[in-house]
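Peer 1: Supplied in structure tokens, the structure appears directly below.
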Amino acid sequence: MSEGWRNSLRFRLIVGSAVGVILAVLLAGLFIGNLYRVHTTDRFQSELDHHLGELRALIAIDAQGRPRVTQPLSDPQFNLARSGLYWQIDGSGARLRSPSLAGDLSIVPATDDGWKSGRVAREAVRMRSMHTRVAGRPLTLSIASSQQLLDEQVARFHKDLILSMTAVGLLLLAGAAALVRFGLTPVRRLGEDVARLRNGETERLDPHVPSEFMPIVGRFNALLDGQAQLITRARTESGNLAHNLRTPLALIIDEAEQLRLTGNAGASEFLLKRCAVMQRQIDYHLARAAAAGTRGAGTLTEVRPLLAQIVEALQRLHADRKIAVEIAVPAGLRLPCDPGDLAEILSNLIDNAFKWANRRITITGAPDGIEIGDDGPGIPADQREAVLAVGKRLDPDTPGTGLGLAAAADLLRFYGGRLLLRDRDGGGLRAAAHFAP
């Protein structure tokens with residue numbers, strides 16, 4: 001059994017209910033079976049008492065002073081040999097026996113009037129003896145019945161009882177399972193609410209839950225509110241930082257251009273290069289800050305509409321290259337990423353493919369991510385880690401900042417994913433953006 005099932009609340013409740021039901025059914029079966037045996041034995045003995053009274057009423061004393069039974073008893077079993085139902089009369093120098101005591105069978109009379117267990121030959125019987133007088137003559141009347149008759153009746157009942165209690169137990173187990181399912185419905189709904197929250201379909205958990213879950217839901221919603229405030233503050237601070245850094249940077253760039261106009265080209269070139277490095281670092285770290293603010297917001301973004309816009313824009317930008325783009329992305333594919341961040345990742349990867357492709361770019365999609373392939377020169381395996389560093393460029397003559405792959409890889413890391421660079425069949429590069437499930 002898996003660890004998940006052992007830790008399942010549903011599993012624990014079902015097992016606990018099953019153990020309770022089984023114990024209850026067993027105890028009830030034992031109690032009912034014993035109760036039936038007691039009542040059946042009492043009824044059995046009452047019937048024999050009735051026959052004993054009937055026998056007493058049918059005894060008469062003849063002229064010689066010997067007892068006789070004036071007519072057969074009402075139960076025909078007394079007239080069948082070895083039927084299991086017997087009577088016997090002892091006294092006045094005579095012994096009378098029922099026809100069922102065939103041959104040399106006889107009952108050994110008891111010394112008292114209580115019910116006893118005895119034997120008739122090898123047969124176990126339930127018997128009772130009555131010491132009485134008829135016409136002044138002392139007589140001992142004995143009545144006996146085979147214990148097997150009682151045991152068979154109880155055994156038949158036990159068989160029916162087992163079947164009945166099994167059916168009742170199965171119904172109770174089914175009812176317990178249904179009750180557990182009904183009782184855990186709020187838990188399932190809470191899980192669905194969390195899934196909608198993760199997918200960005202809602203911003204808070206539904207507070208209308210059973211009272212036992214209200215404290216958890218209330219605290220979780222308070223945590224979400226606090227997280228939303230932190231995200232808003234982070235984005236505001238990022239925007240303020242961008243403004244505070246870019247404004248003086250623009251002034252420095254302008255001053256460097258003025259130096260060039262005054263003939264100080266060396267100093268101007270030095271400042272402009274340093275400004276370009278600063279600009280890349282600002283863009284890179286602002287992208288990281290923006291991604292950190294959106295990570296965990298639980299947004300799913302549909303890929304195809306966003307991808308179509310990016311590809312159309314980049315085809316226009318690289319119209320002179322005449323690159324063919326093949327897109328094989330399933331309709332309705334959604335990835336766990338903020339739309340802005342996903343656009344940034346795809347734009348960087350596709351733009352990189354446009355810069356290096358010869359004639360064709362392929363874009364494929366799957367539930368775990370997007371793969372962009374190009375038929376360009378590719379990247380040697382020993383340099384793939386280096387190109388993910390900020391500002392690293394394999395070919396300085398190719399337009400760009402060297403930020404695209406690094407920014408895409410960093411954004412993916414914020415979403416628990418990674419960027420994989422592999423060789424493309426037939427030559428070229430495959431850049432696969434994988435997202436965590």
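The values are calculated or read from the model by the stated rules, or taken from the named source; none is laboratory data. The structure presented is a predicted model; accordingly, all values stated were derived computationally and were not measured. A quick note on method: Cβ atoms are made from the backbone with ideal geometry, for glycine too, and the neighbour counts reach across all protein chains shown. Protein only, heavy atoms only, side chains kept; ligands, DNA and RNA dropped before computing areas. Shrake-Rupley method; radii C 1.70, N 1.55, O 1.52, S 1.80 Å.
Peer 1: Would you tally the residues in region 319-347 being over 41 Å from the mean Cα position of the chain (by Cα), surrounded by fewer than 17 Cβ atoms within 10 Å (Cβ to Cβ) and assigned to a loop (DSSP other than H, G, I, E, B)?
Peer 2: Number satisfying all stated conditions: 1.
Peer 1: Mind checking which strands (runs of 3 or more DSSP E) fall wholly inside region 67-182 and carry at least 3 residues that are open to solvent by 30 Å² or more (accessible area, probe 1.4 Å) and without any contact (Cβ under 8 Å) to a residue 12 or more places away in the chain?
Peer 2: Because the criterion is at least 3 residues that are open to solvent by 30 Å² or more (accessible area, probe 1.4 Å) and without any contact (Cβ under 8 Å) to a residue 12 or more places away in the chain, no strands (runs of 3 or more DSSP E) in region 67-182 meet it.
Peer 1: Something else now. Could you run through region 348-368 and say how many residues are closer than 21 Å to LEU411 by Cα and not in a helix (DSSP H, G or I)?
Peer 2: Qualifying residue count, region 348-368: 6.
Peer 1: Taking into account only those residues within region 196-208 that are under 24 Å from the mean Cα position of the chain (by Cα) and open to solvent by less than 50 Å² (accessible area, probe 1.4 Å), which is farthest from LEU335 (Cα to Cα)?
Peer 2: That would be LEU205.
Peer 1: Enumerate the pairs (first residue in region 303-317 and under 15 Å from ARG360 (Cα atoms); second residue anywhere and not in a helix (DSSP H, G or I)) with beta-carbon separation below 8 Å, excluding pairs fewer than 6 apart on the same chain, so at least 6 apart or on different chains.
Peer 2: Filtered contacts from region 303-317: VAL311/VAL325; VAL311/ILE327; VAL311/ILE363; GLN315/ILE323; GLN315/VAL325.
Peer 1: Right, here's the next one. Go through region 72-101 and give me each residue that's at pLDDT below 85 and closer than 16 Å to SER146 by Cβ.
Peer 2: none
Peer 1: Moving on. Mind checking which residues of region 289-316 are at pLDDT 85 or above, open to solvent by 10 Å² or more (accessible area, probe 1.4 Å) and closer than 29 Å to THR236 by Cα?
Peer 2: Hits for region 289-316 are GLU302, PRO305, LEU306, GLN309, ILE310.
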